[in-house]
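Chemist: Can you keep this structure in mind? I'll have questions shortly.
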Amino acid sequence: FESEALTESHQGVLARADAVVPDDLDDLAQRPGAFLLVLDGLTDPGNVGAILRTAECAGVTGIVLPRHRSVQVSPTVTKTAAGAVEYLPMAQVGGIPAALSRLSELGVLTVGLEAGAETSLFELPLDAETPVALVLGAEGSGLSRLVRERVDVLASIPLAGRLNSLNVAMAGAVACFEVVRRRATTND
């Protein structure tokens, strides 16, 4: 049991399941009300799990993950996500920059979160009909250069304290729920 659980804190329960089958990027982008979250090179499984849990709670309709140079859906990610991996459609792509170009071709507004961006996340023209993809960069280094160049807009989260950045999971939570808030206010 211990060797199959692959974790020291299994809580006495083990389930066997088929591997998660990746979804198609185009299908995710073309769903009504598409709200995607793109993860660019995240390496901390705790952060990815927390982001997936928040994304599911915020109504994100799909996750875009790179196949290489980032954490994959692992037992740690799955545990931290608290069930979200069962509900979130996920596309795996060869490269995030190419995926962003494809999303733009499909009419998805791609928004890269960047601490130093001049545009505030709170000022973006978001509405309930426009498909949107939030792009989160790696812990520490942020968005890669090509990703920064390919997104439609770079946006920052206004910070009022003395620190200059948020943890990527917290930034993702703020951004996801800002999209939810903005979409709800345009429906009124």
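Chemist: Any residue at all in the stretch 104-117 that's in a helix (DSSP H, G or I) and either open to solvent by less than 20 Å² (accessible area, probe 1.4 Å) or modelled with pLDDT of 90 or more (or both)?
Modeler: Within the stretch 104-117, one or more residues are in a helix (DSSP H, G or I) and either open to solvent by less than 20 Å² (accessible area, probe 1.4 Å) or modelled with pLDDT of 90 or more (or both).
Chemist: Could you give every pair whose Cβ atoms fall below 6 Å, whose first residue belongs to the stretch 69-92 and is outside any strand (DSSP E or B), and whose second residue is among the hydroxyl-bearing types (Ser, Thr, Tyr) and at pLDDT 75 or above, counting only separations of at least 6 or pairs across chains?
Modeler: 71/43
Chemist: Name the residue that is farthest from residue 101 (Cα to Cα), counting only residues in the stretch 32-45 that are open to solvent by 10 Å² or more (accessible area, probe 1.4 Å) and touching a residue at least 60 places away in the same chain (Cβ under 8 Å). First the steps, then the outcome.
Modeler: So the first thing to find is which residues in the stretch 32-45 are open to solvent by 10 Å² or more (accessible area, probe 1.4 Å), and the list is 32-33, 40-41, 43-45.
With the extra rule that they be touching a residue at least 60 places away in the same chain (Cβ under 8 Å), the set shrinks to 33, 40-41, 43-44.
Numbers: 33: 19, 40: 14, 41: 17, 43: 23, 44: 26 Å.
The selected residue is 44.
Chemist: Out of the residues in the stretch 150-170 that are in a helix (DSSP H, G or I) and at pLDDT below 95, which is farthest from residue 70 (Cα to Cα)?
Modeler: Applying the filter and picking the extreme gives 170.
Chemist: I've got another one for you. Being modelled with pLDDT of 90 or more and farther than 16 Å from residue 41 by Cβ is true for just one of 174, 135, 147. Which residue is that?
Modeler: 174
Chemist: Can you name every residue in the stretch 123-143 that is out of contact with any Phe, Trp or Tyr (no Cβ under 9 Å at 6 or more places or on another chain) and more than 17 Å from residue 165 (Cβ to Cβ)? Break it down stepwise before answering.
Modeler: Our first condition is that a residue be out of contact with any Phe, Trp or Tyr (no Cβ under 9 Å at 6 or more places or on another chain); within the stretch 123-143, this holds for 123-130, 135-143.
Of everything in the stretch 123-143, those that are out of contact with any Phe, Trp or Tyr (no Cβ under 9 Å at 6 or more places or on another chain) and more than 17 Å from residue 165 (Cβ to Cβ) turn out to be 123, 124, 125, 126, 127, 128, 129, 130.
Chemist: Applying the selection to the stretch 128-141, what residues are assigned to a loop (DSSP other than H, G, I, E, B) and farther than 16 Å from residue 31 by Cβ?
Modeler: 139, 140, 141 - these are the residues of the stretch 128-141 that are assigned to a loop (DSSP other than H, G, I, E, B) and farther than 16 Å from residue 31 by Cβ.
Chemist: Could you tell me whether the stretch 17-25 includes any residue that is within 28 Å of residue 145 (Cα to Cα) and at pLDDT 85 or above?
Modeler: yes
Chemist: Could you say which residue among 23, 27 is loosely packed, with under 14 Cβ neighbours inside 10 Å and out of contact with any Lys or Arg (no Cβ under 7 Å at 6 or more places or on another chain)? Step through it out loud before you land on a result.
Modeler: Numbers: 23 fails: loosely packed, with under 14 Cβ neighbours inside 10 Å.
Of the residues listed, the single one that is loosely packed, with under 14 Cβ neighbours inside 10 Å and out of contact with any Lys or Arg (no Cβ under 7 Å at 6 or more places or on another chain) is 27.
Chemist: Among the residues of the stretch 58-68, how many are under 24 Å from residue 18 (Cα atoms) and open to solvent by 20 Å² or more (accessible area, probe 1.4 Å)?
Modeler: Looking only at that region, the number is 3.
The values are calculated or read from the model by the stated rules, or taken from the named source; none is laboratory data. Remember, it's a predicted structure, so these values are computed and weren't measured experimentally. Here the Cβ is made from the backbone with ideal geometry for all residues, glycine too, and neighbour counts use every protein chain on show. All accessible areas refer to the heavy atoms of the entire protein, side chains included, with ligands and DNA or RNA removed. Shrake-Rupley method; radii C 1.70, N 1.55, O 1.52, S 1.80 Å.
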